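Contents: one structure, followed by commentary.
What follows draws every value from the coordinates through simple rules; no lab data is involved. Keep in mind it's a predicted model, so treat the numbers as computed, not measured. Don't worry about glycine lacking a Cβ; one is built from the backbone with ideal geometry, like all the others, and counts go over all protein chains shown.
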Amino acid sequence: MESQESGLISATLASRVGDGADAAQIADAIVATWDAVNDALSPIIGRGGVAALYNRSLHLAGLRYPWLADLSRGAQMVMDLAALKSALSRQTSADATAGGTAVLQTFYELLARLVGPSLTDRLLRSTWAPS
């Protein structure tokens, strides 16, 4: 069963790319979503905090999608969205969507474990809004 936040993430991506999107368009939508996440959370937990959760999410999602694993190597304190965009663009549309959604879902789950699902929903509400 799909969780509510997973449904919101999928709906956000679908509204940003539409049907028949290629991997590059999907990568653009995922990076735009990450920009929105960074903008929403940086004033609260700092850019380093967002980057740490992002990199941990990449690592965990990389267990299911090995092509994401190289993006999380090392102790990075930045979000290398150019590298993510490049990696997503090299995949099929289905794989780019699945891998990108997995990273966002993992990030949501990590943040929810730290601050609770209710606060996580409030903090990220604007992120899931259609662009």
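The table that follows gives values for the structure above.
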| item | result |
| --- | --- |
| Cα-derived Rg to Rh of the chain, Kirkwood definition | 0.93 |
| Helical mean residue ellipticity (222 nm; -39500 (n - 2.57) per DSSP H run of 4+; nearest 500) of the chain | -24500 deg cm²/dmol |
| Per-selection metrics, segment 1-72 (Cα): Rg and Dmax in Å | 13.4, 36 |
| Inter-probe distance in nm under a simple model that places probes 7 Å from Cα toward Cβ, at SER42 and GLN76 | 1.6 nm |
| Low-density loop positions, trypsin sites (Lys or Arg not before Pro), segment 11-115 - DSSP coil, at most 14 other Cβ in 10 Å | ARG64, ARG73, ARG90 |
| For segment 55-131, radius of gyration divided by Kirkwood radius, i.e. Rg to Rh on alpha-carbons | 0.98 |
| Mean-position separation - Cα centroids, segment 17-53 and segment 76-131, in angstrom | 6 Å |
